[in-house]
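Heads up, the thing below is written out as structure tokens.
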Ligand code: ATP
């Protein structure tokens, strides 16, 4: 099974990385593909560029064969829609290989606003990772989709190529990229919230307002 886990990763942190390892274990796969997405221009001013986010991700997964970076959405440039990305992957993998995309409950709650969302279950399974906070609104489109397609075990995802939804409730580290960016901008250290190699590169590049000599 091919598993993709998308996000802005601005910057990648231990919450993302720990979840990716949990996914390998719980889904019974050898690797998870981290897929950084394009950031809309209105967010670009405070964050890192696509090339910088990619560099930070590569440093974060160095030496960990289970975590693989897939830079297809950044290479394509411009807005990328999940349905298009899944179609490309489906062409590469062929019709039989199970394909799963991971989303947090918050993203899944707004799923029906994604472009061509009705096409997505035909292309991939969805793994919904429970985040603290409000769950799905009862009787909303995502809640109905979940009720129709929910499976009880990861094994069920390996049996067919697409169309099933699995909910997972892995331990959640209380770390967010927003919190890390704010901390750095305020001159405080984000150490131990993200890999040291990532933090040192952030300082080197002066990202998020970091100053190469400070923020320890
Ligand atoms: P931001 O604070 O900039 O919104 P973020 O830390 O939430 O960023 P994203 O890159 O937006 O990170 O998230 C990518 C994916 O990682 C999403 O599916 C999100 O639900 C998940 N995620 C975010 N934070 C954590 C965490 N602490 N543990 C596990 N998964 C997380």
Only listed residue being more than 25 Å from residue 190 (Cα to Cα) and at pLDDT below 95, chosen from 48, 100, 79
79
Going through segment 110-131 one residue at a time, which ones are within 15 Å of the ligand (Cβ to nearest atom), more than 9 Å from residue 162 (Cβ to Cβ) and part of a loop (DSSP other than H, G, I, E, B)?
110, 114, 130, 131
State which residue is farthest from the ligand (Cβ to nearest atom) when the search covers only segment 2-41 and only residues that are more than 15 Å from residue 104 (Cα to Cα), outside any loop (DSSP other than H, G, I, E, B) and over 11 Å from the mean Cα position of the chain (by Cα).
2
Matching residues, segment 164-209, being assigned to a loop (DSSP other than H, G, I, E, B), away from the ligand (no atom under 16 Å from the Cβ) and crowded, with 17+ Cβ neighbours inside 10 Å:
164
Residue match in segment 84-100 (condition: within 18 Å of the chain's Cα centre (by Cα), within 15 Å of the ligand (Cβ to nearest atom) and assigned to a helix (DSSP H, G or I)):
yes
Residue check for residue 136: closer than 15 Å to residue 109 by Cα, surrounded by 15 or more Cβ atoms within 10 Å (Cβ to Cβ) and touching a strand residue (DSSP E or B) at 6+ places or on another chain (Cβ under 6 Å):
no
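The values are calculated or read from the model by the stated rules, or taken from the named source; none is laboratory data. From a predicted model like this one, the values you see are computed outputs, not experimental measurements. Cβ coordinates were reconstructed from backbone atoms using ideal geometry, including for glycine residues, and neighbour counts include every protein chain displayed.
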